[in-house]
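The values are calculated or read from the model by the stated rules, or taken from the named source; none is laboratory data. This structure is a prediction, so every number in the text was calculated from the model and none was measured. Cβ sites come from the backbone with ideal geometry, for glycine too, and all protein chains shown count toward neighbours.
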Amino acid sequence: MNGSFSVTVDLEDWYHIPSVCGSPYAIYRDVNEFFEKWGGKYDFLTEPTKKVLDLLDEFNVTATFFVVADTVEHYPGLVESIVERGHELACHGLSHACKIDPETKKQLMSKDEFEKRTLLAKKILEKISGEKIVGYRAPNALVGGWMLDSLERVGFKYDSSVSLNSLYNKTDSALRTVSSIPYYPVENGLETGIDRNFIEFPWPYYQNVLKIPSCGGPILRFLGASLVLNGLIQSLKRGHTIFYFHPLDISCAKFPSIGNQRPFYWCLKGKLVEKRIRYILKKLEDIDKICLRDYPGV
Ligand SMILES: [Zn+2]
């Protein structure tokens with residue numbers, strides 16, 4: 001294996017998923033409307049995030065947390081506790097709204113609005129971390145080339161959202177020239193370009209006939225540890241790659257059932273997934289891990 005890898009964690013709660021908030025088919029238009037109308041318990045994030053921080057300490061990993069910026073307001077002290085443990089904060093949107101339509105890939109907000117919201121999220125996170133926030137991951141991995149140009153314009157140095165997947169492309173590009181290794185994207189697109197002050201860190205994938213993403217999150221929950229591990233090992237042979245999961249993936253709580261268009265979405269999580277993450281980190285214990293903010297060129 002030639003590459004190093006970066007461990008990344010997406011910090012969001014159950015109501016940030018597109019069937020509940022922030023997508024064309026959501027129950028609530030956005031997180032603001034959710035907080036106006038929802039009367040029940042909302043915090044299913046704090047408890048598993050503490051577990052994730054302990055797990056990262058156990059494996060001596062400095063990770064990048066892609067944080068939905070509105071968590072700073074709704075979970076006092078939580079994002080601060082991530083900074084205190086030395087991890088990098090990066091941006092996962094202001095409130096996890098989709099920027100492109102999941103089906104048509106058409107823009108759901110103007111460039112101006114995207115830049116304004118993302119800059120606000122960046123500032124919220126910079127206030128907490130005391131450091132420049134330079135990384136971004138698109139909510140739901142729905143990413144368009146125009147977004148990367150905007151991110152560069154408002155001061156980001158990298159994005160990590162592009163995922164090769166033979167069954168379902170979540171981007172607005174064909175990704176013909178992309179693999180799992182970091183690259184400079186062309187302007188207004190996601191294909192590989194030439195030297196630029198902005199890097200894309202695509203996700204790992206396992207390739208046989210098809211290319212199957214082999215990160216954490218839903219893949220880790222549904223397809224298990226060996227596919228993810230084999231995809232990571234294959235991707236490490238190509239070069240640097242990333243690994244990701246959510247604190248929600250290891251939560252043992254039962255989430256509220258509203259927005260349950262996908263009733264099986266959360267049925268596999270908790271201890272089982274925590275075991276899978278441990279297994280993968282253990283198997284890759286000897287591989288160099290690099291926090292994305294320290295990657296050459298960032
Ligand atoms: Zn997310």
Scope segment 174-221; condition among the β-branched types (Val, Ile, Thr), modelled with pLDDT under 90 and buried (at least 17 other Cβ atoms within 10 Å of the Cβ); matching residues:
Ile212, Ile219
For segment 141-154, state whether one or more residues are away from the ligand (no atom under 16 Å from the Cβ), in contact (Cβ under 8 Å) with a residue 12 or more places away in the chain, over 30 Å from Gln207 (Cβ atoms) and of a type outside the set (A, V, I, L, M).
yes
Hey, any hits in segment 276-296 for a residue that's surrounded by 17 or more Cβ atoms within 10 Å (Cβ to Cβ) and among the acidic types (Asp, Glu)?
no
Which one is nearest to the ligand (Cβ to nearest atom) among residues in segment 1-31 that are closer than 24 Å to Ser214 by Cα and assigned to a strand (DSSP E or B)?
Asp10
Selection count where residues are modelled with pLDDT of 85 or more and touching a Ser or Thr at 6+ places or on another chain (Cβ under 6 Å), scope segment 233-279
7
Residue list for segment 32-59, restricted to those being out of contact with any Ser or Thr (no Cβ under 9 Å at 6 or more places or on another chain) and in a loop (DSSP other than H, G, I, E, B):
Trp38, Gly39, Gly40, Lys41, Tyr42, Asp43, Phe59
Can you tell me which residues in segment 102-152 are over 18 Å from the mean Cα position of the chain (by Cα), assigned to a loop (DSSP other than H, G, I, E, B) and among the charged types (D, E, K, R)?
Glu103, Lys105, Lys106, Glu131, Lys132
